[in-house]
């Protein structure tokens, strides 16, 4: 069934600019996207367009459809594909670059990028295209992660086309319009360091510092060394982001250095997953045969990636001790951020030894029985309002209830010690009712393959406000069906 969106198209303010293009041709190749035949709207994010101060109007519908399909370059835009390198699965992969993404430029401080917009000089063995399946997953996931308060790129629209694209099977093409303050990655810096292009390395670092980290110019902690301060700031932002991933149960799946944002934002949604059953060692990427990017390894992989960034910046920092000191903040920042996140999940605004002990012990209980992670925290939030031990909604999640019964006694005792400092409402604002489970995305994708985009819109609505109840959408917050465990998500997803 064909379901047409009633929303009019986007009218973007002018003029476009492209700050990245000012770096010069050592950093990119200028080119236009490759057109797709007969494009059509799949999804549009009116929430994001409103936040950007953009409006939708009827009179330019076809123009905007063609622009966001990559069939027509917006007036004033300077489209380009950037070059970078990186480590993939812990191994130096050499030159990479935007193989299927083209940066149109920036408006109001946000870069606008088309993903799936055709071949570039950096496509290597790829076809430069994205498929509808992966585009829907990225569109929904980036908005879900944003609504959870985690820094991330976002998605403005999906344009579909019946152009055939082969992955594991034959699929159809799609183009996602992605939005972020910047798409610069760790791999951009690795590229210029690896090729001993130190003037370009310095130019890139100065560009990023001046545009996004100006305080690094006057940071007294690093004796006037802005590059060491920059590494320190990226380390702390990355630590805070990964701590949020761990607390909410988000698996990125492919934390290569070329997928790591220099701004500490979640970037490149491929084989991601929100945990269903709580398994600390869960591997969400079917292509990750060694488990390098398992859920419980994400913090240490983030640090490993930061060490790679530190090595790339060392020619600018000039002092290895300062580089090490800049990286050292990662662990303390991660532990502090994670402790704070878990305290909020338990209903306290500030972390303490008590909240840390409660979090550690309940994680062990959840892992022991592979309890559904989102449902546990949401039920616990509701249970905490009364601490009624006759209410079995939390206990019923466990086959062996003795452990959780003892833990609930400890939890309620901690609340009783200082009831004014605890907030069940904080728990409900921290523990979402709705997350983008794999099976929900899969059902929306199946419908979209039949030109029914209503499930995508319905999912988007609850994921944008995941802490609300949304009467009538309870099925989107239920346990996953048995077949969900057989969904295989790979790097092509």
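Do we find a residue being within 29 Å of residue 386 (Cα to Cα) and over 19 Å from the mean Cα position of the chain (by Cα) anywhere in the stretch 448-468?
So far as the stretch 448-468 goes, yes, one or more of its residues are within 29 Å of residue 386 (Cα to Cα) and over 19 Å from the mean Cα position of the chain (by Cα).
Test each condition in (1) over 18 Å from residue 246 (Cβ atoms); (2) surrounded by 20 or more Cβ atoms within 10 Å (Cβ to Cβ) for residue 380 and report the one that comes out false.
If we test residue 380 against (1) over 18 Å from residue 246 (Cβ atoms); (2) surrounded by 20 or more Cβ atoms within 10 Å (Cβ to Cβ), just (1) comes out false.
Return the residues of the stretch 383-402 that are within 20 Å of residue 275 (Cβ to Cβ) and surrounded by 16 or more Cβ atoms within 10 Å (Cβ to Cβ); say none if nothing qualifies.
Within the stretch 383-402, 394, 397, 398 meet the criteria.
Going by what's in this entry, would residue 290 be described as out of contact with any strand residue (DSSP E or B) (no Cβ under 9 Å at 6 or more places or on another chain), within 21 Å of residue 308 (Cβ to Cβ), surrounded by fewer than 23 Cβ atoms within 10 Å (Cβ to Cβ) and not assigned by TED's automatic domain parsing to the domain that holds residue 151?
In short, yes.
Which of the following residues is in contact with a strand residue (DSSP E or B) (Cβ under 9 Å, 6 or more places away or on another chain) and surrounded by 20 or more Cβ atoms within 10 Å (Cβ to Cβ): 229, 235, 261?
261
Determine which member of the set 133, 129 is in contact with a helix residue (DSSP H, G or I) (Cβ under 6 Å, 6 or more places away or on another chain) and at pLDDT 95 or above.
On inspection, the qualifying residue turns out to be 133.
Select, from 361, 384, 421, the only residue that is out of contact with any strand residue (DSSP E or B) (no Cβ under 8 Å at 6 or more places or on another chain), outside the structural domain of residue 339 (by TED's automatic domain parsing) and modelled with pLDDT of 95 or more.
After applying the criteria, what remains is 361.
Restricting to the stretch 295-319, count the residues that are touching a helix residue (DSSP H, G or I) at 6+ places or on another chain (Cβ under 9 Å) and either modelled with pLDDT under 95 or over 27 Å from residue 198 (Cβ atoms) (or both).
Matching residues across the stretch 295-319 total 6.
Which condition number in (1) surrounded by fewer than 23 Cβ atoms within 10 Å (Cβ to Cβ); (2) assigned to a loop (DSSP other than H, G, I, E, B); (3) touching a residue at least 12 places away in the same chain (Cβ under 8 Å); (4) outside the structural domain of residue 89 (by TED's automatic domain parsing) is the one that residue 246 fails?
Condition (2) is where residue 246 drops out.
Could you please let me know if residue 117 is buried (at least 24 other Cβ atoms within 10 Å of the Cβ), assigned to a helix (DSSP H, G or I) and in contact with a strand residue (DSSP E or B) (Cβ under 8 Å, 6 or more places away or on another chain)?
no
Can you pull out every residue in the stretch 141-154 that is under 19 Å from residue 52 (Cβ atoms) and in a helix (DSSP H, G or I)?
If the condition is that a residue be under 19 Å from residue 52 (Cβ atoms) and in a helix (DSSP H, G or I), then 142, 143, 144, 145, 146, 147 are the ones that fit.
Scan the strands (runs of 3 or more DSSP E) fully inside the stretch 1-98 and keep the ones with 2 or more residues being at pLDDT 85 or above and under 22 Å from residue 189 (Cβ atoms).
28-30, 80-82, 85-88, 91-95
The values are calculated or read from the model by the stated rules, or taken from the named source; none is laboratory data. Owing to the predicted nature of the structure, the values given are computational and were not obtained by experimental measurement. With ideal geometry, Cβ positions are generated from the backbone for all residues, glycine too; neighbour counts draw on all protein chains shown.
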